[in-house]
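The values are calculated or read from the model by the stated rules, or taken from the named source; none is laboratory data. Quick caveat: nothing in here was measured; it's all calculated off a predicted structure. Every residue, glycine among them, receives a Cβ derived from its backbone with ideal geometry; neighbour counts consider all protein chains shown. Keep in mind that these areas ignore ligands, DNA and RNA; they rest on the heavy atoms of the full protein, side chains included. Shrake-Rupley method; radii C 1.70, N 1.55, O 1.52, S 1.80 Å.
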Amino acid sequence: MILYEYNDKKFYIPDNLKVVQLPIISVNKSVTNILGVVLDSPVIIPAKSQTSFFVEIPLDIGVFATDGKNYRLLFTVERFPKKYSLYGSIKSGFVYRYWTSRVYDRITSTENDRALTKVEIVNDSESIGDIKTIIFNTSFYSLFSKDGAVYGELIKMERIKKGLALVKHTNKPSVEGAKLYDHTPLTAFTRQLELSEGT
(Lines give C-alpha, C1' and ligand atoms only; values in the text may rest on other atoms or scores of the structure.)
Protein backbone atom coordinates (compact mmCIF):
# COMPACT_ATOMS: atom_id res chain seq x y z
CA MET A 1 0.00 0.00 0.00
CA ILE A 2 1.10 3.56 -0.77
CA LEU A 3 -0.01 6.56 1.30
CA TYR A 4 -1.23 9.38 -0.93
CA GLU A 5 -1.55 12.79 0.71
CA TYR A 6 -3.02 16.04 -0.63
CA ASN A 7 -3.45 18.88 1.84
CA ASP A 8 -5.62 17.38 4.61
CA LYS A 9 -6.67 14.33 2.56
CA LYS A 10 -5.02 10.92 2.96
CA PHE A 11 -5.62 7.67 1.06
CA TYR A 12 -3.92 4.30 1.08
CA ILE A 13 -3.60 3.17 -2.52
CA PRO A 14 -2.81 -0.46 -3.52
CA ASP A 15 0.50 -0.93 -5.32
CA ASN A 16 -1.27 -1.89 -8.56
CA LEU A 17 -3.09 1.45 -8.76
CA LYS A 18 -1.81 4.94 -9.41
CA VAL A 19 -3.19 8.38 -8.65
CA VAL A 20 -3.77 10.80 -11.53
CA GLN A 21 -5.19 14.29 -11.88
CA LEU A 22 -7.64 14.79 -14.75
CA PRO A 23 -10.06 17.51 -15.87
CA ILE A 24 -13.72 17.18 -14.88
CA ILE A 25 -16.63 19.53 -15.52
CA SER A 26 -17.00 22.04 -12.69
CA VAL A 27 -20.31 20.99 -11.14
CA ASN A 28 -21.28 19.81 -7.67
CA LYS A 29 -23.34 16.71 -8.38
CA SER A 30 -24.74 16.67 -4.87
CA VAL A 31 -26.59 19.85 -5.91
CA THR A 32 -27.20 19.31 -9.63
CA ASN A 33 -25.79 17.53 -12.69
CA ILE A 34 -27.10 20.24 -15.00
CA LEU A 35 -24.81 22.96 -16.38
CA GLY A 36 -26.24 26.11 -17.95
CA VAL A 37 -23.84 28.07 -20.15
CA VAL A 38 -25.24 31.59 -20.24
CA LEU A 39 -24.05 33.42 -23.34
CA ASP A 40 -22.57 36.88 -22.80
CA SER A 41 -24.62 38.03 -25.81
CA PRO A 42 -27.65 36.17 -27.23
CA VAL A 43 -27.26 34.31 -30.52
CA ILE A 44 -29.98 35.22 -33.02
CA ILE A 45 -30.89 32.51 -35.53
CA PRO A 46 -33.38 33.02 -38.40
CA ALA A 47 -36.35 30.71 -38.94
CA LYS A 48 -35.61 27.45 -40.79
CA SER A 49 -31.85 27.85 -40.55
CA GLN A 50 -28.85 26.63 -38.57
CA THR A 51 -25.72 28.02 -37.00
CA SER A 52 -22.75 26.92 -34.90
CA PHE A 53 -20.37 28.52 -32.46
CA PHE A 54 -18.03 27.67 -29.56
CA VAL A 55 -18.35 28.29 -25.82
CA GLU A 56 -16.12 27.64 -22.82
CA ILE A 57 -17.06 25.16 -20.09
CA PRO A 58 -15.48 25.39 -16.60
CA LEU A 59 -13.19 22.60 -15.44
CA ASP A 60 -12.18 21.45 -11.98
CA ILE A 61 -9.47 18.87 -11.26
CA GLY A 62 -10.52 15.33 -10.45
CA VAL A 63 -8.07 13.21 -8.47
CA PHE A 64 -8.56 9.55 -9.45
CA ALA A 65 -7.20 6.15 -8.49
CA THR A 66 -6.84 4.04 -11.63
CA ASP A 67 -5.52 0.78 -13.00
CA GLY A 68 -5.39 2.32 -16.48
CA LYS A 69 -8.88 1.18 -17.44
CA ASN A 70 -11.13 1.87 -14.46
CA TYR A 71 -11.24 5.16 -12.57
CA ARG A 72 -12.39 5.96 -9.04
CA LEU A 73 -12.79 9.63 -8.14
CA LEU A 74 -11.12 10.25 -4.78
CA PHE A 75 -11.87 13.95 -4.47
CA THR A 76 -12.21 17.16 -6.48
CA VAL A 77 -9.98 20.22 -6.46
CA GLU A 78 -12.40 23.06 -7.16
CA ARG A 79 -11.22 25.97 -9.28
CA PHE A 80 -14.39 28.04 -9.44
CA PRO A 81 -17.07 29.17 -6.99
CA LYS A 82 -20.38 27.56 -7.92
CA LYS A 83 -23.41 29.68 -8.73
CA TYR A 84 -26.90 28.31 -9.34
CA SER A 85 -30.10 29.35 -11.06
CA LEU A 86 -33.58 27.94 -11.62
CA TYR A 87 -34.81 26.92 -15.05
CA GLY A 88 -38.59 27.09 -15.35
CA SER A 89 -40.97 27.27 -12.42
CA ILE A 90 -40.36 26.20 -8.83
CA LYS A 91 -42.94 23.43 -9.26
CA SER A 92 -41.77 21.89 -12.54
CA GLY A 93 -38.33 23.37 -13.22
CA PHE A 94 -34.84 22.37 -12.15
CA VAL A 95 -31.70 23.91 -10.68
CA TYR A 96 -28.62 24.27 -12.85
CA ARG A 97 -25.01 25.30 -12.32
CA TYR A 98 -24.70 28.81 -13.76
CA TRP A 99 -21.72 29.73 -15.93
CA THR A 100 -21.19 32.68 -18.31
CA SER A 101 -19.20 32.32 -21.53
CA ARG A 102 -18.24 34.39 -24.52
CA VAL A 103 -19.37 33.18 -27.92
CA TYR A 104 -16.62 32.29 -30.40
CA ASP A 105 -17.18 31.80 -34.12
CA ARG A 106 -14.07 29.64 -34.54
CA ILE A 107 -11.69 27.41 -32.60
CA THR A 108 -9.72 29.53 -30.16
CA SER A 109 -7.18 28.91 -27.42
CA THR A 110 -8.54 28.74 -23.87
CA GLU A 111 -7.21 28.71 -20.33
CA ASN A 112 -6.37 25.24 -18.96
CA ASP A 113 -9.32 25.48 -16.58
CA ARG A 114 -11.85 25.57 -19.45
CA ALA A 115 -12.95 23.22 -22.22
CA LEU A 116 -13.79 24.66 -25.61
CA THR A 117 -17.10 23.20 -26.78
CA LYS A 118 -18.91 23.47 -30.11
CA VAL A 119 -22.65 24.08 -30.20
CA GLU A 120 -24.70 23.41 -33.33
CA ILE A 121 -28.22 24.84 -33.42
CA VAL A 122 -30.98 24.00 -35.89
CA ASN A 123 -34.04 26.25 -35.86
CA ASP A 124 -36.91 24.19 -37.27
CA SER A 125 -39.54 26.72 -36.25
CA GLU A 126 -41.19 29.48 -38.27
CA SER A 127 -39.94 32.16 -35.88
CA ILE A 128 -36.59 33.82 -35.24
CA GLY A 129 -34.69 32.22 -32.37
CA ASP A 130 -33.07 34.10 -29.51
CA ILE A 131 -30.63 31.74 -27.77
CA LYS A 132 -29.36 32.94 -24.40
CA THR A 133 -28.44 29.73 -22.55
CA ILE A 134 -27.16 26.27 -23.47
CA ILE A 135 -28.30 23.78 -20.81
CA PHE A 136 -27.22 20.13 -20.67
CA ASN A 137 -26.75 17.18 -18.32
CA THR A 138 -23.09 16.67 -17.44
CA SER A 139 -23.71 13.06 -16.34
CA PHE A 140 -23.64 11.96 -19.97
CA TYR A 141 -21.00 14.37 -21.20
CA SER A 142 -17.47 13.44 -22.31
CA LEU A 143 -14.21 15.36 -22.49
CA PHE A 144 -11.46 15.09 -25.11
CA SER A 145 -7.88 16.28 -25.51
CA LYS A 146 -5.81 17.52 -28.43
CA ASP A 147 -2.42 19.24 -28.44
CA GLY A 148 -2.58 19.79 -24.68
CA ALA A 149 -6.00 21.47 -24.74
CA VAL A 150 -9.30 20.14 -23.38
CA TYR A 151 -12.39 20.01 -25.59
CA GLY A 152 -15.96 19.15 -24.76
CA GLU A 153 -18.39 16.89 -26.54
CA LEU A 154 -20.25 18.47 -29.46
CA ILE A 155 -23.68 19.70 -28.33
CA LYS A 156 -26.64 19.92 -30.69
CA MET A 157 -29.73 22.00 -30.00
CA GLU A 158 -32.91 21.68 -32.02
CA ARG A 159 -35.40 24.53 -31.67
CA ILE A 160 -38.78 22.93 -32.32
CA LYS A 161 -40.89 26.04 -31.82
CA LYS A 162 -40.86 29.21 -29.76
CA GLY A 163 -40.20 28.20 -26.15
CA LEU A 164 -39.35 24.56 -26.90
CA ALA A 165 -35.94 23.07 -27.72
CA LEU A 166 -34.11 19.75 -27.39
CA VAL A 167 -30.44 19.60 -26.37
CA LYS A 168 -28.70 16.44 -27.55
CA HIS A 169 -25.36 14.81 -26.78
CA THR A 170 -23.53 13.48 -29.82
CA ASN A 171 -20.67 11.22 -28.62
CA LYS A 172 -18.41 13.30 -30.87
CA PRO A 173 -15.58 15.71 -29.98
CA SER A 174 -15.95 19.41 -30.71
CA VAL A 175 -12.82 19.33 -32.90
CA GLU A 176 -11.60 16.67 -35.28
CA GLY A 177 -8.79 14.44 -34.10
CA ALA A 178 -9.37 14.97 -30.38
CA LYS A 179 -8.86 11.90 -28.16
CA LEU A 180 -11.39 10.78 -25.56
CA TYR A 181 -10.42 11.00 -21.89
CA ASP A 182 -10.95 7.47 -20.57
CA HIS A 183 -12.41 8.69 -17.27
CA THR A 184 -15.33 10.29 -19.16
CA PRO A 185 -16.46 7.36 -21.36
CA LEU A 186 -18.98 7.79 -24.14
CA THR A 187 -22.53 6.74 -23.39
CA ALA A 188 -23.97 3.74 -25.21
CA PHE A 189 -26.59 5.96 -26.80
CA THR A 190 -27.16 9.69 -27.08
CA ARG A 191 -29.23 11.54 -24.48
CA GLN A 192 -31.31 14.68 -24.75
CA LEU A 193 -32.75 17.32 -22.44
CA GLU A 194 -36.06 19.00 -23.19
CA LEU A 195 -36.21 22.75 -22.61
CA SER A 196 -39.88 23.70 -22.60
CA GLU A 197 -39.54 27.08 -20.86
CA GLY A 198 -37.44 28.83 -23.50
CA THR A 199 -33.72 29.13 -24.19
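Points to keep in mind about this one:
- Fluctuation leader among 117, 108, 51 - the chain, Gaussian network, Cα springs under 10 angstrom: 108
- Basic side chains Lys and Arg get +1 at the Cβ, acidic Asp and Glu get -1 at the Cβ, and with that the dipole of segment 112-158 about its Cα centre reaches some 240 debye.
- The chain, accessible surface, carbon-and-sulfur percent (1.4 angstrom probe): 49
- Inter-label distance, residue 90 to residue 8: 3.5 nm, where each label sits 7 Å from its Cα along the C-beta direction.
- With a Förster radius of 41 Å applied to the beta-carbon distance between residue 48 and residue 113, the computed FRET efficiency rounds to 0.60.
- Dividing the C-alpha radius of gyration of segment 1-55 by 2.2 N^0.38 Å, with N its residue count, gives 2.07.
- Stokes-Einstein D in µm²/s, Kirkwood radius over Cα pairs - segment 20-165 at 25 °C with 0.890 mPa s viscosity: 150
- Accessible area of residue 18 in the full protein assembly, 1.4 Å probe (Å², nearest 10): 120
- Each label point was placed 7 Å from the Cα along the Cα-to-Cβ direction; for residue 120 and residue 180 their separation is 1.8 nm.
- A 1.4 Å probe, protein heavy atoms only, puts the accessible area of residue 145 near 40 Å².
- Accessible area in the full protein assembly, largest first, 1.4 Å probe, for 8, 124: 8, 124
- Long-range lysine pairs (8 or more apart or interchain), segment 97-199, Cα under 14 Å: 8
- Partners for residue 29 among lysines (Cα-Cα distance below 19 Å; same-chain residues under 8 apart left out): 82, 83
- Segment 1-136 - accessible surface per residue (Å², probe 1.4 Å): 57
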